[in-house]
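Working notes, beginning with the structure itself.
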Amino acid sequence: LKDALAHYVHPRPDGQFWQRFGDGKREWLHLCDTMGKPLRRYAWPLASDRLNHGIIFYSADQTMWVNVAIEDPKRLRDYPHLVLYNWDAESGQKEEYIYDQHSEIFLFGVVRGWLETKDCRIWMGMDEGGLFVFDPKSKKWTHFLHNNQDPHSISSNRILSLALDPVEPDRFVWV
């Protein structure tokens with residue numbers, strides 16, 4: 001791991017965790033046990049020149065998702081703004097779901113909060129880019145932005161956390 005920099009730690013449901021490393025040219029993941037001992041090394045599923053931020057999270061059925069948000073304006077000409085991957089580390093197989101719609105928000109920023117609702121939709125709150133909802137069944141994205149002219153829009157494009165309503169989690173998500 002000479003000259004390698006640990007970027008992120010991503011917990012797994014079983015208590016193990018992923019630690020992401022990079023050396024400026026390539027990136028990889030170590031699967032670590034609950035004490036931090038590396039068990040296995042995997043290639044990062046995405047080309048390093050394609051991403052700016054990536055997080056890993058798991059849905060209720062233990063599906064592993066990797067989210068990538070591109071922040072560098074120079075890269076946005078060549079790459080989509082937001083990509084979600086369903087990734088199988090063992091086989092290396094991944095499915096790519098791209099949000100590539102034009103928006104008045106040029107840079108979406110970092111994912112600050114995410115959750116999965118009972119209907120399996122994935123909600124992602126962005127640092128500057130509002131709220132995204134991805135439906136894996138239909139493969140469709142919905143993007144919510146603040147609109148000064150619409151009092152029913154979200155109150156800000158800066159989303160720091162998300163939570164299911166404790167009384168009616170099937171009906172409401174708190175942003």
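The values are calculated or read from the model by the stated rules, or taken from the named source; none is laboratory data. Just so it is clear, the structure is predicted and the values come from calculations on it, not from any experiment. Quick reminder, even Gly has a Cβ in these numbers, built from the backbone with ideal geometry, and neighbours come from all protein chains shown. The accessibility values were calculated without ligands, DNA or RNA, using every heavy atom of the protein model including side chains. Shrake-Rupley method; radii C 1.70, N 1.55, O 1.52, S 1.80 Å.
Summed over region 139-164, residues that are open to solvent by 80 Å² or more (accessible area, probe 1.4 Å) and of a type in the set (G, A, S) total 1.
Residues are listed down the side, and each one gets a yes or a no for (1) within 18 Å of I55 (Cα to Cα); (2) in contact with a Leu (Cβ under 8 Å, 6 or more places away or on another chain):
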{"site": "G125", "(1), (2)": "yes, yes"}
{"site": "V133", "(1), (2)": "yes, no"}
{"site": "K139", "(1), (2)": "no, no"}
{"site": "F144", "(1), (2)": "no, yes"}
{"site": "H152", "(1), (2)": "no, no"}
{"site": "N157", "(1), (2)": "no, yes"}
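Residues that are open to solvent by less than 20 Å² (accessible area, probe 1.4 Å), hydrophobic (A, V, I, L, M, F, W, C), in contact with a helix residue (DSSP H, G or I) (Cβ under 8 Å, 6 or more places away or on another chain) and at pLDDT 65 or above: does region 50-68 have at least one? Scanning region 50-68, I find at least one residue that is open to solvent by less than 20 Å² (accessible area, probe 1.4 Å), hydrophobic (A, V, I, L, M, F, W, C), in contact with a helix residue (DSSP H, G or I) (Cβ under 8 Å, 6 or more places away or on another chain) and at pLDDT 65 or above, so the answer is yes. One residue stands out among those in region 27-49 that are part of a strand (DSSP E or B) and modelled with pLDDT under 80: the one that is most open to solvent (accessible area, probe 1.4 Å), which is A43.
Taken over region 129-164, the criterion of being under 23 Å from T63 (Cα atoms) and in a loop (DSSP other than H, G, I, E, B) is satisfied by P136, K137, S138, K139, S161, L162. When D170 is tested against the conditions (1) modelled with pLDDT of 90 or more; (2) under 25 Å from T63 (Cβ atoms); (3) assigned to a loop (DSSP other than H, G, I, E, B), the lone failure is (1). In a residue-by-residue description of region 1-17, the property of being farther than 26 Å from P136 by Cβ, in contact with a Cys (Cβ under 9 Å, 6 or more places away or on another chain) and modelled with pLDDT of 80 or more applies to no position.
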